Amino acid sequence: MGHHEVAERIRVQGLVQGVGFRPTVWRLAKACGLRGSVWNDAQGVEMHISGEQGAIDHFCQRLLSEPPPLAIIKILDRQPETILPDEREFVISLSRSGENVTGVVPDAATCDACRDELLDPDDRRYRYPFINCTHCGPRLTIIEGIPYDRVNTSMRHFPLCDDCRSEYEDPTDRRFHAQPNACPVCGPRVWLTNAQGEPWLPSMEGEDIFHEASRRLAEGAILAIKGVGGFHLACDASDEQAVAKLRQRKGRYHKPFALMARDCAVISKYASISQAEARLLSGSAAPIVLLSRISSDDQLPNNLAPGQVSLGFMLPYTPLHHLLLENWEKPLVMTSGNRVEEPQCIDNQEATERLSSLADLFLLHDRQITNRVDDSVVRLMQGESRVLRRARGYAPAPLSMPEGFEQAPDLLAVGGELKNTFCLMRQGEGVLSQHIGDLENLISYQDYLKNLELYAGLFDHHPTLLVADSHPSYRATQYAKALAAEKHLPLHLVQHHHAHIASVLADNNWPLTGGKVLGIALDGSGYGDDGTIWGGEFLLADYLEYQRLGHLRAVPLPGGTQAIRQPWRNTFSQLNYYLGWQSVMREWGDLEPVDWLNRQPLKVLGGMIEAEVNSPMSSSCGRLFDAVAALLGICREGISYEGQAAIELESAALNSQCLEKDAYRLRIVTEDTVQLLDAATLWPSLLNDLRDGIDYGVIAGRFHLGLGLSICEAAVGMARAERVDTLALSGGVFQNKTLFELVTSRLSGEGFWVLSHQRVPSNDGGLAFGQAAIGAANAIYRTFASA
């Protein structure tokens, strides 16, 4: 029998553009003896291919098992084709545009091959700070439109030289269609200036900008660096004065600084790194990883991460960082280039204006940052990596949705107020934006609007439904209401903690028809159905509905938002609510914290609470942490960043060995069929321990242990009563490793299936993902019901 030639049309969807996918197809097709062509279009990658049936089957198997490093294949669809291709061999054709459904790839850290060339004196890109290939380099940060071709990126301003063009056009080259491809002859350039904008000129041959920048850093200077998704401010992390100067100039007095070190060997001098953490650090996403500090006498000053026992480290993820850190045996501070509360700068002129009083010198380049993207943050908890801030390296890679969501309509979920992200739903996938920040800040809100427009264009997205938080004064919610009115679109409002639980369900691929779980949502605050502020919630929930089975007992928040900024107000409110201030004074009035509280304007606060003026009731778990922290003198008078008191309280508790019998348990009482966790027993035990001179670390540990045990006891009771075997944990409080690991292991030990976050943050950065799931589920059921 002769060889029988057949033809197929093969379509691949997923993250398959800008990652060297077509050259891989070309190489494999040649190896399998096939002919035809492959091209990019708005749907992804398509090929028209012919050869023996066995060879085509083998080709498809190899494509699925050997894709390029940054590619993610979601769908490989094969259709028999009667027409054979015209091509005699296998070729790569030009992109074809059309309706866009392909994914946009996240920015990727410098690959090993590029790093080797960067440091190779014989390579034509030796020490060239913009070296990249299809396996690494900028993506989201330079893209302006689709398809992902050079003309639709900020690289269009740099015409390729002959050498770069021949690489770009050669399918055997790893720079084939690498859109940011460049070299010292044709590409972006880098320069160094002082704060007045005067450029640094080398005084002798062989000097280079990076040696000079490095020398100045070693002398204590603060350097503003234009990175891949924004500016950073850098200084020598071992220089206490430089760190203090940076804190003071930036107005960031306590929040920990992120660090960058040359390699894992440098990091391991200061923090312990497991194999899993080393893999995270050196992967293509290259996030900041929170690591346990080895000891405080490790030559790093305490003002890097005040009141904390972990350090956030990352490795160099651009060639520019590799060159800067080349000779550093110590880490550099690498914090976002902005004043506190503002988003980081992305533009040279804006940076030299906004940062001239912060930085002593500027490392600038002329490749435009089209889209601002922050560093991602990850922490290993219970042996799994948990994304705490999802941005560079992760966004905007689409998130698969669970079974049952295939028919979801195209929708836009606008997210929350703090740590905002938004989420598009398209073709049954969720596209969660990069971390945008707090929308109460005007520059962040403008960035939010710009990103909404960008994503609508990149993903050719036209929502038929809008989803928002039920809080009436969130900026994102007000935006959604205005848009719904303007475009005549339906708007679905979602309760904050229901969105948290739906987010963790979707994060774990819980099917649409998977049934109800007991969700435990612990955070700072969310708008409750009854007009009070929720934040310590036990919800029997699925994607469609929820029932509040239990919560922390609500206590007044004297001064509303002011009570979030000044933790001592919560201490007073808790003690006054549970014990009465007069009896606190009688019994414990000689204790320093009680005496301190008594010197505050308590008459005014008590009057506000009594008259119910600006003192909303709140079941917030975050505020309970604040109240305990302030009593122990942690952030008593004020916090300078969200969650500071709770984070420092966790650090205080870390090495304390506590016995269960000494833990401050909460009472569990039933009122109107609702289970309340009540702190009436916690406060006297804590105050008595203070009077007995028990170490503050032990007290912090007893609080964590008691809270964790009480949460588990309440949850087990509710879950058994409702015959539910799955529990789902969400909310910012579960970023507390001590509490999270205690609750997870205890509930698993009781035989429950425990769902927790991995791909999206448990804080409000994951809210939009949950909103999208709830909006989609409701729309699917409405369609189903009307069919």
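The values are calculated or read from the model by the stated rules, or taken from the named source; none is laboratory data. The model shown is predicted, which means the values in this text are computed figures rather than measured ones. Positions of Cβ are backbone-derived with ideal geometry, glycine not excepted, and every protein chain shown enters the neighbour counts. When the accessible area is computed, the model is the full protein with side chains, heavy atoms only, and any ligands, DNA or RNA have been set aside. Shrake-Rupley method; radii C 1.70, N 1.55, O 1.52, S 1.80 Å.
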Original post:
Within segment 663-673, which residues are out of contact with any Lys or Arg (no Cβ under 7 Å at 6 or more places or on another chain) and on the phi < 0 side of the Ramachandran plot?
Top reply: Arg665, Leu666, Arg667, Ile668, Val669, Thr670, Glu671
**OP:** Pairs only if they're at least six apart or on different chains, beta carbon under 9 angstrom, first in segment 390-409 and at positive phi and in a loop (DSSP other than H, G, I, E, B), second acidic (Asp, Glu) and open to solvent by 10 Å² or more (accessible area, probe 1.4 Å); list them, first residue then second.
**Re:** Gly393/Asp375
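Report whether or not Thr513 is at pLDDT 95 or above, hydroxyl-bearing (Ser, Thr, Tyr) and under 24 Å from the mean Cα position of the chain (by Cα).
Working: at pLDDT 95 or above: yes; hydroxyl-bearing (Ser, Thr, Tyr): yes; under 24 Å from the mean Cα position of the chain (by Cα): no.
For Thr513, the condition - at pLDDT 95 or above, hydroxyl-bearing (Ser, Thr, Tyr) and under 24 Å from the mean Cα position of the chain (by Cα) - is not met.
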Original post:
Got a sec? Which of Ser685, Ser651, Ser640 is touching a Phe, Trp or Tyr at 6+ places or on another chain (Cβ under 8 Å) and either touching a residue at least 60 places away in the same chain (Cβ under 8 Å) or surrounded by 21 or more Cβ atoms within 10 Å (Cβ to Cβ) (or both)?
Top reply: Ser640
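Filter segment 456-465 down to residues that are open to solvent by less than 20 Å² (accessible area, probe 1.4 Å) and not aromatic (Phe, Trp, Tyr) and give me whichever is modelled with the highest pLDDT.
Leu465
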Original post:
With (1) open to solvent by 20 Å² or more (accessible area, probe 1.4 Å); (2) in a helix (DSSP H, G or I); (3) more than 15 Å from Leu686 (Cβ to Cβ) as the list, and Leu605 as the residue in question, which single condition is left unmet?
Top reply: (1)
Original post:
Within segment 513-542, how many residues are open to solvent by 20 Å² or more (accessible area, probe 1.4 Å) and touching a Phe, Trp or Tyr at 6+ places or on another chain (Cβ under 8 Å)?
Top reply: 3
Subject >> Criterion violated by Leu705 - all others in (1) touching a Ser or Thr at 6+ places or on another chain (Cβ under 6 Å); (2) among the aliphatic types (A, V, I, L, M); (3) open to solvent by 20 Å² or more (accessible area, probe 1.4 Å) satisfied >> reply: (1)
**OP:** Scan segment 608-637 for residues that are in contact (Cβ under 8 Å) with a residue 40 or more places away in the chain, over 19 Å from Gln308 (Cα atoms) and hydrophobic (A, V, I, L, M, F, W, C) and jot them down.
**Re:** Met608, Ile609, Met617, Cys621, Leu624
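Would you confirm whether any residue within segment 756-778 is surrounded by fewer than 18 Cβ atoms within 10 Å (Cβ to Cβ), free of Cβ contacts under 8 Å to residues at least 12 places away in the same chain and among the polar types (S, T, N, Q)?
No, every residue in segment 756-778 fails to be surrounded by fewer than 18 Cβ atoms within 10 Å (Cβ to Cβ), free of Cβ contacts under 8 Å to residues at least 12 places away in the same chain and among the polar types (S, T, N, Q).
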Subject >> Of the criteria (1) under 26 Å from Gly251 (Cα atoms); (2) not in a strand (DSSP E or B), which one Tyr317 fails >> reply: (1)
**OP:** Looking for whichever is buried (at least 24 other Cβ atoms within 10 Å of the Cβ), in contact with a helix residue (DSSP H, G or I) (Cβ under 8 Å, 6 or more places away or on another chain) and not in a helix (DSSP H, G or I) here; the options are Ala715, Ala728. Which one fits?
**Re:** Ala728
**OP:** Being among the hydrophobic types (A, V, I, L, M, F, W, C), at pLDDT 95 or above and under 28 Å from the mean Cα position of the chain (by Cα) is the filter here, so list the residues in segment 63-112 that pass it.
**Re:** Ala108, Ala109, Cys111
Subject >> Single residue of Leu505, Leu466 found to be over 27 Å from Glu722 (Cα atoms), in contact (Cβ under 8 Å) with a residue 40 or more places away in the chain and of a type outside the set (Asp, Glu) >> reply: Leu466
Original post:
Hey, Ile288 hits all of (1) within 24 Å of Pro396 (Cβ to Cβ); (2) in contact with a Lys or Arg (Cβ under 7 Å, 6 or more places away or on another chain); (3) hydrophobic (A, V, I, L, M, F, W, C) but one; which does it fall short on?
Top reply: (2)
**OP:** May I ask you to list the residues in segment 543-568 that are open to solvent by 30 Å² or more (accessible area, probe 1.4 Å), of a type outside the set (Ser, Thr, Tyr) and over 20 Å from Ser473 (Cα atoms)?
**Re:** Leu544, Glu545, Gln547, Arg548, Arg553, Gln566
Subject >> Verdict on Ala286 being among the hydrophobic types (A, V, I, L, M, F, W, C) and in contact with a Cys (Cβ under 6 Å, 6 or more places away or on another chain) >> reply: no
Original post:
On the given criteria, is Val151 in contact with a strand residue (DSSP E or B) (Cβ under 9 Å, 6 or more places away or on another chain) and either of a type in the set (Val, Ile, Thr) or closer than 25 Å to Ser376 by Cβ (or both)?
Top reply: no
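Given the residues Glu453, Glu486, Glu440, which is the only one that is out of contact with any Lys or Arg (no Cβ under 6 Å at 6 or more places or on another chain) and at pLDDT below 95? Steps first, please.
Numbers: Glu453 fails: at pLDDT below 95; Glu486 fails: at pLDDT below 95.
Only one candidate passes the filter, namely Glu440.
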Original post:
Out of all the residues in segment 573-589, which are over 25 Å from Gly731 (Cβ atoms), without any contact (Cβ under 8 Å) to a residue 60 or more places away in the chain and either out of contact with any Asp or Glu (no Cβ under 9 Å at 6 or more places or on another chain) or open to solvent by 30 Å² or more (accessible area, probe 1.4 Å) (or both)?
Top reply: Asn576, Gly580, Trp581, Gln582, Ser583, Met585, Arg586
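Yes or no, residue by residue, for (1) at pLDDT 95 or above; (2) crowded, with 22+ Cβ neighbours inside 10 Å; (3) among the hydroxyl-bearing types (Ser, Thr, Tyr); (4) touching a Gly at 6+ places or on another chain (Cβ under 8 Å):
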| position | (1), (2), (3), (4) |
| --- | --- |
| Gly251 | no, no, no, no |
| Asp263 | yes, no, no, no |
| Ile273 | yes, no, no, no |
| Ala286 | yes, yes, no, yes |
| Ser296 | no, no, yes, no |
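Need a quick list: helices (runs of 4 or more DSSP H) entirely within segment 222-282 having at least 2 residues that are among the β-branched types (Val, Ile, Thr) and in contact (Cβ under 8 Å) with a residue 40 or more places away in the chain. I'd like the intermediate steps shown before the answer.
Numbers: elements: 240-250, 264-267, 275-282.
Filter on segment 222-282 gives 264-267.
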Subject >> Residues being over 20 Å from Pro256 (Cα atoms) and either modelled with pLDDT of 95 or more or of a type in the set (D, E, K, R) (or both) - total across segment 642-695 >> reply: 35
